[in-house]
Amino acid sequence: MATRYVVVGGGIIGLATAQWITVTRPDAEVTVLEKESRLAAHQTGHNSGVIHAGVYYRPGSLKARLCTAGNRSMVDFCTEHGIPVDVCGKLIVATDQAELPRLRALHERAVANGLPVRMIGPDETAGYEPAVACVGALRVASTAIVDFTAVCATLARLAERAGARIRLGVRVTGIRATGRTQVVDTTDGEVPADVLVNCAGLHADRVARLAGVRPPARIVPFRGEYYELRRDRRDLIRGLVYPVPDPRFPFLGVHLTRMIDGSVHAGPNAVLALAREGYSWGRIDPRDVAGLVGYPGLWRLAGRHLGYGLTEVRRSLSKRRFTASLARLVPGLTEDDLVPTHAGVRAQAIARDGSLVDDFLIVRNDRQVHVLNAPSPAATSSLEIARHVVAQLPT
């Protein structure tokens, strides 16, 4: 009898996992359950479309290894399947002397991760980005841009062609064991599984609890808001321009990103969302708010980083402050150059002691694997995360 694999979540990690199961276990029965009416509806469909190189991540960590490998495999995958991709490189820019030590530390980390990077001065930076002002920059040649929704469409097509079944508009409501079989209760009936893979993103910890697993951390949603440059001001930016990040946080700071369609997005910030799918201040989910208020890990995090959080809130509420952050990188940028665009929500796992989980968190429990922390660079790393997950699955 064929092994029945059920993948919860139709974002890029769930789809990549399902597709890789069909490649490596062609006799398997694979079902993907996605609660929305379309694929890539949340984190995957709201991100900046950057294929990251792996600069920021601790050498030897899952993020470092899977992102570096994922950069190559994602570009190769897109090239093979005719998905538009541009290996444009990016600049990480120091705007004052005080940031140079952190920039050099990033350079050392990138070299340790085996990346093609160079420290460059203001004159060479101007050759890449004439509108940028800096005292130094890190040139990361292997960074690329793509539409990850298009990647998902291809993964879904490949998986279905190999026999996988993708069920949209089906929400998981319970998971129970009957002998060696797991019964996944959904809004559209029962789905039997021999092996369960949880790639539910913003709801991954909840799905894990339904499956009888106590997650070591809880998902806390952070909204990232974007502006974009007016069409007639897109020539300010040729590629990707990032600030030197604060190493205490997983967020990279507001930056400027040329998208694969030619638009230029500015952002994101990082504010606590009042719903796991809270794409605006007006979206409030009482259940999610109660979960946040009752979680000691969030209070401990807030106690350590209250100033940072308030700065992000002010920037969210003030276009002037948002513009000022970007103008540190591009002094010619004004408020009139920016128009609001979409927002995304990052599923960030936070431990009970208030620490941010800074690596991918993947937990195996008997015949289950739970992907419990997979924010950026998860889209970049998705093909490699899928290989890592499938290697742990029982047959």
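The values are calculated or read from the model by the stated rules, or taken from the named source; none is laboratory data. Nothing here was measured: the structure is a model prediction, and the numbers come from that model. Don't worry about glycine lacking a Cβ; one is built from the backbone with ideal geometry, like all the others, and counts go over all protein chains shown.
Condition check ((1) among the polar types (S, T, N, Q); (2) within 16 Å of residue 219 (Cα to Cα); (3) touching a Pro at 6+ places or on another chain (Cβ under 9 Å); (4) not in a helix (DSSP H, G or I)) across all residues:
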{"site": "283", "(1), (2), (3), (4)": "no, no, no, yes"}
{"site": "291", "(1), (2), (3), (4)": "no, yes, no, no"}
{"site": "301", "(1), (2), (3), (4)": "no, yes, no, no"}
{"site": "312", "(1), (2), (3), (4)": "no, no, no, no"}
{"site": "331", "(1), (2), (3), (4)": "no, no, no, yes"}
{"site": "348", "(1), (2), (3), (4)": "yes, yes, yes, yes"}
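Restricted to region 209-239, and to residues that are without any contact (Cβ under 8 Å) to a residue 60 or more places away in the chain, among the basic types (Lys, Arg) and in a helix (DSSP H, G or I), which residue is surrounded by the fewest Cβ atoms within 10 Å (Cβ to Cβ)? Full working, then the answer.
Pass one, region 209-239, residues without any contact (Cβ under 8 Å) to a residue 60 or more places away in the chain: 209-210, 214, 231-232, 234-235.
Restricting the remaining residues to those that are among the basic types (Lys, Arg) gives 209, 214, 231, 234.
Now drop any that are not in a helix (DSSP H, G or I), which leaves 209, 231, 234.
Values: 209: 14, 231: 11, 234: 16.
Step by step, filter region 209-239, then rank; the result is 231.
Quick check on residue 40: is it surrounded by 24 or more Cβ atoms within 10 Å (Cβ to Cβ), outside any helix (DSSP H, G or I) and in contact with a Ser or Thr (Cβ under 6 Å, 6 or more places away or on another chain)? Step through it out loud before you land on a result.
Working: surrounded by 24 or more Cβ atoms within 10 Å (Cβ to Cβ): yes; outside any helix (DSSP H, G or I): yes; in contact with a Ser or Thr (Cβ under 6 Å, 6 or more places away or on another chain): yes.
Considered against the rule, which asks whether it is surrounded by 24 or more Cβ atoms within 10 Å (Cβ to Cβ), outside any helix (DSSP H, G or I) and in contact with a Ser or Thr (Cβ under 6 Å, 6 or more places away or on another chain), residue 40 comes out as yes.
Do the conditions hold for residue 341, that is, is it under 30 Å from residue 29 (Cβ atoms), of a type outside the set (D, E, K, R) and in contact with a strand residue (DSSP E or B) (Cβ under 9 Å, 6 or more places away or on another chain)? Outline the logic, then answer.
Numbers: under 30 Å from residue 29 (Cβ atoms): no; of a type outside the set (D, E, K, R): yes; in contact with a strand residue (DSSP E or B) (Cβ under 9 Å, 6 or more places away or on another chain): yes.
In short, no.
Comparison of 352, 287, 258, 346 shows that the only residue that is surrounded by 14 or more Cβ atoms within 10 Å (Cβ to Cβ), modelled with pLDDT of 95 or more, basic (Lys, Arg) and closer than 24 Å to residue 203 by Cα is 346. Step by step: first the residues of region 43-73, then only those that are touching a Ser or Thr at 6+ places or on another chain (Cβ under 8 Å) and among the polar types (S, T, N, Q), then the one that is farthest from residue 164 (Cα to Cα). Which residue is that? Residue satisfying both the conditions and the ranking: 48.
Could you check, for region 132-144, whether at least one of its residues is surrounded by 15 or more Cβ atoms within 10 Å (Cβ to Cβ), of a type in the set (D, E, K, R) and more than 26 Å from residue 203 (Cβ to Cβ)? Checked region 132-144: at least one residue is surrounded by 15 or more Cβ atoms within 10 Å (Cβ to Cβ), of a type in the set (D, E, K, R) and more than 26 Å from residue 203 (Cβ to Cβ).
In region 1-37, how many are within 30 Å of residue 245 (Cβ to Cβ) and in a helix (DSSP H, G or I)?
Going through region 1-37 one residue at a time, the tally reaches 6.
All conditions in (1) over 24 Å from residue 264 (Cα atoms); (2) more than 19 Å from the chain's Cα centre (by Cα); (3) surrounded by 15 or more Cβ atoms within 10 Å (Cβ to Cβ) hold for residue 105, with the sole exception of (3). From the list 366, 337, the lone residue that is of a type in the set (Asp, Glu), out of contact with any His (no Cβ under 9 Å at 6 or more places or on another chain) and on the phi > 0 side of the Ramachandran plot is 366. Across region 145-154, the qualifying residues are those that are over 14 Å from residue 255 (Cβ atoms) and touching a Gly at 6+ places or on another chain (Cβ under 9 Å), and the one among them that is surrounded by the most Cβ atoms within 10 Å (Cβ to Cβ) is 148. Taking the criterion of being surrounded by 14 or more Cβ atoms within 10 Å (Cβ to Cβ) and in a helix (DSSP H, G or I), the residues of region 157-208 that qualify are 157, 158, 159, 160, 201, 202, 203, 204, 205, 206, 207, 208. Check region 44-55 and report whether any residue there is out of contact with any Phe, Trp or Tyr (no Cβ under 6 Å at 6 or more places or on another chain), surrounded by fewer than 24 Cβ atoms within 10 Å (Cβ to Cβ) and within 29 Å of residue 188 (Cα to Cα). Checked against the condition, which is being out of contact with any Phe, Trp or Tyr (no Cβ under 6 Å at 6 or more places or on another chain), surrounded by fewer than 24 Cβ atoms within 10 Å (Cβ to Cβ) and within 29 Å of residue 188 (Cα to Cα), region 44-55 yields at least one hit.
Scanning region 349-379 for residues that are farther than 23 Å from residue 299 by Cα and out of contact with any Cys (no Cβ under 8 Å at 6 or more places or on another chain) gives 362, 363, 364, 365, 366, 367, 368, 369, 370, 376, 378, 379.
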